[in-house]
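The values are calculated or read from the model by the stated rules, or taken from the named source; none is laboratory data. The model shown is predicted, which means the values in this text are computed figures rather than measured ones. As a convention, Cβ positions derive from the backbone with ideal geometry for all residues, glycine included, and neighbour counts pool all protein chains shown.
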Amino acid sequence: MTEGKILVVDDNATGRELLRDTIELEGDFEILTAANGVEALQVANAEKPNLILMDLHMPLMDGYQTTENLKSNPDTTDIPVIALTASHVMSEDHKRALQVGCVDYLQKPVARVLLLQKVRHYIKQ
């Protein structure tokens, strides 16, 4: 039995794989992936993950718009979303991420220990 389902949303394939591999090495999680916000909404609706790791800056639909959509849908509103960004405008991104409904915010590259600590915290809630 898995510890939970995690959806990793990032337009950068290397970033998605790195997050997936890091989490899989440390626990028995089912990792789902999406390359953009549109895919993320489809996967979240179909799979109902326990946690979403959301890149904020993506084409098609950014992480802010995607999170707003998730939070406005009764089927996905309770899924915690952790914002991830490599942006250098951290305070503005952080504030906006929390305003749209993210529960936490991590700067990329994320330290493995911190990532796993956050994942376990929000999966167990």
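Brief remarks follow.
- Restricting the stretch 71-86 to residues that are of a type outside the set (S, T, N, Q) and out of contact with any Leu (no Cβ under 7 Å at 6 or more places or on another chain), the residue that is surrounded by the fewest Cβ atoms within 10 Å (Cβ to Cβ): Pro74
- Some residue of the stretch 108-124 being in a helix (DSSP H, G or I), under 23 Å from Arg20 (Cα atoms) and at pLDDT below 90: yes
- Residue within the stretch 4-22 that is of a type in the set (A, V, I, L, M, F, W, C), surrounded by 13 or more Cβ atoms within 10 Å (Cβ to Cβ), without any contact (Cβ under 8 Å) to a residue 12 or more places away in the chain and in a helix (DSSP H, G or I) present: yes
- Under the condition of being within 14 Å of Lys5 (Cβ to Cβ), in contact with a strand residue (DSSP E or B) (Cβ under 6 Å, 6 or more places away or on another chain) and assigned to a helix (DSSP H, G or I), the residues counted in the stretch 45-67 number 1.
- Applying a threshold of 6 Å to beta carbon distances and a minimum spacing of six or more residues, or different chains, the list of pairs starting in the stretch 30-57 at a residue that is within 18 Å of Asp75 (Cα to Cα) and ending at one that is basic (Lys, Arg) and at pLDDT 95 or above reads Pro49/Lys5; Asn50/Lys5.
- Residues located in the stretch 68-86, provided they are of a type in the set (A, V, I, L, M, F, W, C) and within 15 Å of Lys5 (Cα to Cα): Ile79, Val81, Ile82
- Test: residue in the stretch 32-41 that is assigned to a loop (DSSP other than H, G, I, E, B), of a type in the set (D, E, K, R) and either modelled with pLDDT of 95 or more or surrounded by 19 or more Cβ atoms within 10 Å (Cβ to Cβ) (or both): no
- Only one of the numbered conditions (1) outside any strand (DSSP E or B); (2) surrounded by 15 or more Cβ atoms within 10 Å (Cβ to Cβ) is not met by Met1, and that is (2).
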